[in-house]
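Take a look at the structure below.
The values are calculated or read from the model by the stated rules, or taken from the named source; none is laboratory data. Note that this is a predicted model, so its numbers are computed, not measured. Because the Cβ atoms are built from the backbone with ideal geometry, glycine has one as well, and the counts that use them run over all protein chains shown. Each accessible area value is taken on the protein alone, full model and side chains, heavy atoms only, with ligands, DNA and RNA left out. Shrake-Rupley method; radii C 1.70, N 1.55, O 1.52, S 1.80 Å.
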Amino acid sequence: MLTNLLRQAGFAALRRMDAEHAHEWGLRALSLGLAGRQSMPDDPRLAVSAFGRRFAHPLGLAAGFDKNARVVLPLLRLGFAWVEAGTVTPRPQSGNPRPRLFRLREDRAVINRMGFNNDGIAVFLNRLKRLKHHPAPIGANIGINKEGAKPETDYAELAAAVAPYADTITVNISSPNTPGLRDLQGEEKLAAILASINRAVPQRPPLLVKIAPDLSDEGLEGVVRCCIAAGVDGLIISNTTIARPAGLRSPYAEEAGGLSGRPLLATSTRMLGRAALLSEQLAPGRLTLVGCGGVASGADLLAKIEHGATMVQLYSAFALQGPSLLPRILKETQALLEERGYRDIAAARGKALQGMVL
């Protein structure tokens, strides 16, 4: 009881800090084991098979929280079924000027313009190499430097570097905070990047591509076609948005950067559903979809599954609410499975899309 009270007091103190300083202190607390462990028993109804692995449940942590693979194991001990570290770039870079991270508390959202601040691939690899025994899969999210980037070469070299140590690799071409990065979602450029990765790492872990929620319908179809043709294993839908939905109340709502959290839920879920329909139309069963954007409850998680996701990721809600969020979401999901008559989480997949056509 005392330990839990101390954790709650510590988290309350973090919420009063500047967002980026609070994040750094949160990472330090995790590295010291101060966040505790998840004691909730696994429920076989929530188990998921994806990317050739079995996951205890669908809920993973999106890239961006642990850019430098500093606290992967403590995060897994909190109960995440999958932790994606990164985004990592070939060379270290400091990112964009501060302030660059904003909590939109009134909107249950976050805006960031971090700019891929990270320690670079050499440091990232040294940390991954030490994670030989981990209780759940680890993903590596890769990107390019703001200056001097050669996308085809850089992504291929990064993929080759992390392949021996990561269970999944995600190509991040959708952050809005690196100039020109989202242009790589165009079919010609994306095809060239994926071909370069395939040549450099013919035997690799499952490869995913993370896309923006701001793609047009035509742009989304192009990405899906390109990924299927290149043998990509999955899509993460989606990254942050540059749009500002009507009704945002926070004084930070007009800050530049990518918006994540609650306001992204509807947009990202609609795109997820469209991608699911497209992928099933073009190549049934080929792409595994990961729903990301606005997840903060069991209802949100199940909505992603019902719109075609196999796995689900979150970030903003975890950053805003802390470790107690995970068991709450899983318990809510268990209750909803019973309420809606699903025998397990797999039975819910795609249910919202039945009868729908593009």
>> From the list ALA166, ALA161, exactly one residue is over 23 Å from LEU259 (Cα atoms), small (Gly, Ala, Ser) and out of contact with any strand residue (DSSP E or B) (no Cβ under 6 Å at 6 or more places or on another chain). Which is it?
In response: ALA161
> In the range 232-251, how many are open to solvent by less than 30 Å² (accessible area, probe 1.4 Å) and either modelled with pLDDT under 95 or out of contact with any strand residue (DSSP E or B) (no Cβ under 7 Å at 6 or more places or on another chain) (or both)?
Replying inline: 0
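Any chance the range 198-207 includes a residue that's aliphatic (A, V, I, L, M), under 27 Å from LEU220 (Cβ atoms), assigned by the TED database to the domain that holds VAL224 and open to solvent by 40 Å² or more (accessible area, probe 1.4 Å)?
yes
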> Can you spot a residue in the range 245-260 that is farther than 26 Å from ILE345 by Cβ, outside any loop (DSSP other than H, G, I, E, B) and of a type in the set (S, T, N, Q)?
Replying inline: no
> Among the residues of the range 153-183, how many are within 17 Å of GLN93 (Cα to Cα) and among the aliphatic types (A, V, I, L, M)?
Replying inline: 2
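Do you know which residues across the range 287-324 are on the phi > 0 side of the Ramachandran plot and modelled with pLDDT of 95 or more? Walk me through it before giving the result.
Here is the first cut: in the range 287-324, the residues on the phi > 0 side of the Ramachandran plot are 293-294, 308, 322.
The answer is GLY293, GLY294, GLY308.
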>> Criterion first (within 21 Å of the chain's Cα centre (by Cα) and in a loop (DSSP other than H, G, I, E, B)) does GLY86 satisfy it?
In response: no
> Filter the range 135-159 for residues that are polar (S, T, N, Q) and farther than 13 Å from LEU125 by Cα; which is surrounded by the fewest Cβ atoms within 10 Å (Cβ to Cβ)?
Replying inline: THR153
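Only residues that are part of a strand (DSSP E or B) and either without any contact (Cβ under 8 Å) to a residue 60 or more places away in the chain or small (Gly, Ala, Ser) (or both): list them for the range 49-83, please.
Step one: list which residues in the range 49-83 are part of a strand (DSSP E or B), which gives 49-50, 53-55, 59-61, 83.
Once the filter is applied, which keeps residues that are part of a strand (DSSP E or B) and either without any contact (Cβ under 8 Å) to a residue 60 or more places away in the chain or small (Gly, Ala, Ser) (or both), the range 49-83 yields SER49, ALA50, ARG54, GLY60, VAL83.
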